[in-house]
Amino acid sequence: MTPLKKIKAVVVSPRPDIAALAGRSLPGLNPRVYTGAAGFISAAVSAPPDLAVVDMDLPDISGRDLLLVLRRNAKTSGMLIAAVSWGAKSATEVSAVLDTGADEYFILPKDSALVGPRLANLLAARALRGGDAGAREEKPLKIGRLEVNVVSRTAALKGRELSLTALEFDMLLYFSRNSGRVVSRGTLVQQVWKNELGVNLRSVDKRIEVLRKKLADSGVNISTVFGLGYIFKA
Amino acid sequence: MSRKNSPVKKILVVDDETDYLNIAAGLLEAEGYAVLKAVTGADGLAAAGAGRPDLMVLDIGLPDMSGLEVNRRLKQDPATSAIPVLLFTVRSELDLVKKALASGAVGYTVKPFDPDQFLRDVARYLKS
């Protein structure tokens, strides 16, 4: 296994206690500390770290948005990322952070004792793969009683596969990847219909109605926001 | 959040995608803020100069100029240089986020966006 001192680690948090905890958790790690995303991203563009411990409550960008940015960009998509938050979080919030791409999520101070062993496990698993991030495995997304499997392009409700058209699956997948976020109808036309000719906002509204019916009893809702967009959440 | 007996905070939202413009405005109005709207960079600059908002929520991909250019012009004008700017965009390229955060914007929100997080961020940027 790569000696800890050769692992490039950073902590991105305005809280000195979080930086100190990360440093104590793996003696020899000596992480570089950034108090906000700006300094971290500036450095990550040229030299991405092996491991980033990222506070979900940053002053300049939400932790979940930072995760999105890091996972969408080739330079940083393979980085090990441990999310941290201070204070209680709901299961839905934890799930959303993990689905956005965090490899671990620590709720402090409750999980303080777990930080060291779990970071060590992450690093050991990476070392077993020869230090190669490799392609990140696309895990099924679980929201409410629904499980959305990207690889097989299926969705199941309590183990029973839902009958969805390809478009309905694409819409469900887009919503699942953006759960808890307001999605405009225009974004759906671009991202799901890929700006197909002849698609208008009324078409989007109709498809949403059909998908809502198929998701009845799934524990997830697609709510309309001011008649202009939709939000998908458990 | 605006409190009773406190002056109502004014927020300018600049976005050419009218669905997001009106969603953001609707959320902010429901929280008790006074909201100004614009759909181009030029209109946004004019509204900032005339209205002196307490915060600007600014899309990057505007039809007449980049939101980063709008931010740069705001910072150059003494009348508007103190207006905090929250960038609000579908774009998530690393180089752009780096440039945006280095431009003096107080924050960066990726669309589609979490409405609860958005309102918390707005409240925080208005306080600081």
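The values are calculated or read from the model by the stated rules, or taken from the named source; none is laboratory data. Keep in mind that this is a model prediction, so the values were computed, not measured. As a convention, Cβ positions derive from the backbone with ideal geometry for all residues, glycine included, and neighbour counts pool all protein chains shown. Accessible surface is based on the protein model in full, side chains and every heavy atom, while ligands, DNA and RNA are left aside. Shrake-Rupley method; radii C 1.70, N 1.55, O 1.52, S 1.80 Å.
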Answer yes or no as to whether residue A:220 is within 14 Å of another protein chain (Cβ to nearest Cβ) and open to solvent by less than 30 Å² (accessible area, probe 1.4 Å).
no
Restricting to region B:34-76, and then to whatever is in contact with a strand residue (DSSP E or B) (Cβ under 8 Å, 6 or more places away or on another chain) and among the basic types (Lys, Arg), can you tell me which residue is most open to solvent (accessible area, probe 1.4 Å)?
B:52
Could you go through region A:186-208 and let me know if any residue there is part of a helix (DSSP H, G or I), at the interface with another protein chain (Cβ under 10 Å from one of its Cβ atoms) and of a type in the set (Lys, Arg).
no
Selected residue [part of a loop (DSSP other than H, G, I, E, B) and crowded, with 22+ Cβ neighbours inside 10 Å] from B:100, B:24, B:79, B:105:
B:105
With the checklist (1) within 11 Å of chain B (Cβ to nearest Cβ); (2) under 21 Å from residue B:120 (Cβ atoms) in hand, flag the one item residue A:77 doesn't pass.
(2)
Scanning for something within 13 Å of another protein chain (Cβ to nearest Cβ) and polar (S, T, N, Q), does region B:68-76 turn up at least one residue?
no
Condition first: open to solvent by less than 30 Å² (accessible area, probe 1.4 Å), modelled with pLDDT of 95 or more and more than 21 Å from residue A:232 (Cβ to Cβ). Now tell me which residues in region A:86-107 satisfy that.
A:106, A:107
Restrict the check to region A:157-180 and report whether at least one residue is within 14 Å of chain B (Cβ to nearest Cβ), touching a residue at least 12 places away in the same chain (Cβ under 8 Å), out of contact with any Leu (no Cβ under 7 Å at 6 or more places or on another chain) and closer than 30 Å to residue A:16 by Cα.
yes
Just name the residue that is farthest from residue B:15 (Cα to Cα) out of those in region B:114-125 that are buried (at least 18 other Cβ atoms within 10 Å of the Cβ) and in contact (Cβ under 8 Å) with a residue 40 or more places away in the chain.
B:125
Number of the exception - residue A:226 against (1) open to solvent by less than 60 Å² (accessible area, probe 1.4 Å); (2) within 22 Å of residue B:27 (Cα to Cα):
(1)
Answer yes if at least one residue in region A:20-42 is touching a strand residue (DSSP E or B) at 6+ places or on another chain (Cβ under 7 Å), outside any loop (DSSP other than H, G, I, E, B) and charged (D, E, K, R), and no otherwise.
yes
The listed residue being within 19 Å of the chain's Cα centre (by Cα) and open to solvent by less than 80 Å² (accessible area, probe 1.4 Å), out of A:192, A:199, A:150, A:210:
A:150
So, in region A:54-69, of the ones that are of a type in the set (A, V, I, L, M) and facing chain B (nearest Cβ under 8 Å), which residue ends up surrounded by the most Cβ atoms within 10 Å (Cβ to Cβ)?
A:61
Residue B:128 surrounded by fewer than 21 Cβ atoms within 10 Å (Cβ to Cβ), farther than 19 Å from residue A:35 by Cα, more than 7 Å from chain A (Cβ to nearest Cβ) and not hydrophobic (A, V, I, L, M, F, W, C):
no
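Residue-wise test of (1) within 10 Å of chain B (Cβ to nearest Cβ); (2) within 25 Å of residue B:125 (Cβ to Cβ); (3) without any contact (Cβ under 8 Å) to a residue 60 or more places away in the chain.
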{"position": "A:48", "(1), (2), (3)": "yes, no, yes"}
{"position": "A:87", "(1), (2), (3)": "no, yes, yes"}
{"position": "A:94", "(1), (2), (3)": "no, no, yes"}
{"position": "A:97", "(1), (2), (3)": "no, yes, yes"}
{"position": "A:106", "(1), (2), (3)": "no, no, yes"}
Collect the residues in region B:1-21 that are open to solvent by less than 40 Å² (accessible area, probe 1.4 Å) and free of Cβ contacts under 8 Å to residues at least 40 places away in the same chain, keeping them in residue-number order.
B:2, B:19, B:21
